[in-house]
Structure formats: C-alpha cells, structure tokens
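*Asks:* Quick one: structure below, then a few questions.
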Amino acid sequence: MTSPATPLGLARFNALGEEAALAALHEVCASTAWARLLLVARPYATPEDLYVAADAALAGLGAEDLAEAMAGHPPIGRPKPGDPASAREQRGMADASGALRAEMLELNLAYQDRFGHVFLICATGLTGEEMRDALKERLGNTPERERETARAELGRINRIRLARLVSSRTPEP
C-alpha cells in the first residue's frame, strides 16, 4: 500500500492508469505475463516490495513467456536505434574496436544458433571485452543451464530498469 513515505517515483507509478502502468512495465520487461503480474499487485509501499514481486514473477515465467521477455532485448553490440535504455545499458560496446564488434557479431550468431534466443547479459558497467568473455564462456552451457543463467541476467536487468522507473519523477518508457 502507498503511504506518505512512499518515494515520489513509486507513488506516481502506483497511481498510473492500468494502460500506462502496463506500458511502463512492458518497457522494463517485454513479457506481458510478467508485466500483468506486477500490475495486479499494485500499489507497492516500497521499491523493494516491487523488486521482490518482479523477481517472483520472473521466476514463475514459463518457457514461452521467458522467450517473449528475451526477445525484447537487442543483441549485444547492436542497441535498439532510438532507445536510450538500450544504448545506456550497452555503453561498454560504444568504443569497441571494429575487430571486437565483428567478433561479437559472430559470437552472438553462434549463441543464437545454439540456444535459439539472443545472448542476454546485464551489460551495465561491463566493458566490451567482459561481455565477449562472458558470451564465450556461456556458449559452453547446456541449454537448461543457459536458460536459467539468462533468466538470472534478465532479473538483474529488470531490477535496474525498475529502479530507474520508480526513482524518476515520471515513469520513463
């Protein structure tokens, strides 16, 4: 429940109409099921309550919903044009050499061939080399292990995006 101590950004999120709140959540995570689970649990008293609900919703996603969530992310090294969140999160690739970009493209394609979805990593604060090294390492995972690793990375990304959403004066897309 929202109280006078509820942070302004969270209070504004709690007060959004259903359509606007669903759109804001969908910008955080492309899974419709995840967004709907968070929507029906409003209002949230604290950001931590929202994060716990987000983690629980993510943990409960089935294979199709998880695939929908991952499909909302562009490959590392190719942020979505016009998407400031994507560019911000992949900042570590901004100054990457042409050789590193080419290697990432090749590795991303190998990963997608092996696992059937985009390589997902919480790229915030990582260098291009660190992302490349993680991608190389994760190519050796079993599909089951990789699905759970990607789910964990998605959870980290969601928390960062939710923190931005509820700390802002107005929910950002």
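*Asks:* Using a cut-off of 11 Å between beta-carbons, work out the net charge of the residues near residue 74 (Lys and Arg +1, Asp and Glu -1, residue 74 not included).
*Replies:* Combined, the nearby Lys, Arg, Asp and Glu give 0.
*Asks:* Would you calculate the separation in nanometres between label points at residue 64 and residue 141, each defined as 7 Å from the Cα along the Cα-to-beta-carbon direction?
*Replies:* Going from the residue 64 label point to the residue 141 one covers 2.4 nm.
*Asks:* Of the options 22, 32, 61, report the single residue whose Cα projects farthest towards the positive end of the charge dipole of the chain (beta-carbon charges: Lys, Arg +1; Asp, Glu -1).
*Replies:* 22
*Asks:* Specify whether the C-alpha gyration tensor of the range 74-122 places it in the rounded, prolate or oblate class, a ≥ b ≥ c being the square roots of the eigenvalues: rounded for a/c under 1.5, otherwise prolate if a/b is larger than b/c and oblate if not. Could you put the intermediate results ahead of the total?
*Replies:* Details: a/c = 2.36, a/b = 1.29, b/c = 1.83.
Cα axes put the range 74-122 in the oblate bin.
*Asks:* Mean Kyte-Doolittle of at least -0.5 and a Cα length of 24 Å or more along the axis: which whole DSSP H helices of the chain meet both?
*Replies:* 98-115
*Asks:* Placing unit charges on C-beta atoms (Lys and Arg positive, Asp and Glu negative, everything else neutral), compute the dipole magnitude of the chain about its Cα centre in debye, rounded to 20.
*Replies:* For the chain, the charge dipole is close to 340 debye.
*Asks:* Give the shape of the range 61-147 as rounded, prolate or oblate, defined through the alpha-carbon gyration tensor: a ≥ b ≥ c are the square roots of its eigenvalues, a/c under 1.5 means rounded, and otherwise the shape is prolate if a/b is larger than b/c and oblate if not.
*Replies:* oblate
*Asks:* If you roll a 1.4 angstrom probe over the protein chains with everything in place, what fraction of the accessible area of the chain belongs to carbon and sulfur, to the nearest %?
*Replies:* Values: 4910 of 8780 Å².
C and S atoms contribute 56 percent here.
*Asks:* Which entry in (1) 9, 26, 21, 9, 7, 6, 6, 6, 5, 4, 2, 0; (2) 10, 38, 32, 16, 4, 0; (3) 10, 40, 38, 12, 1 matches P(r) over Cα pairs in 10 Å bins from 0, in percent derived from the coordinates of this structure?
*Replies:* Correct label is (2).
*Asks:* Only Cα pairs within less than 10 Å get springs; with that Gaussian network setup on the chain, which residue of 108, 141, 14 has the largest fluctuation?
*Replies:* So, out of 108, 141, 14, the one fluctuating most is 141.
*Asks:* Related question: Using Cα pairs under 8 angstrom and six or more residues apart, how large is the relative contact order of the chain, in percent?
*Replies:* Relative CO of the chain lands at 32 percent.
*Asks:* Rounded to the nearest 0.05, what FRET efficiency do residue 110 and residue 18 have when you use their Cβ-Cβ distance and R0 = 30 Å?
*Replies:* The value I calculate is 0.15.
The values are calculated or read from the model by the stated rules, or taken from the named source; none is laboratory data. Nothing here was measured: the structure is a model prediction, and the numbers come from that model. Note that each Cβ is placed from the backbone with ideal geometry, even for glycine, and that neighbours are counted across all protein chains shown. Protein only, heavy atoms only, side chains kept; ligands, DNA and RNA dropped before computing areas. Shrake-Rupley method; radii C 1.70, N 1.55, O 1.52, S 1.80 Å.
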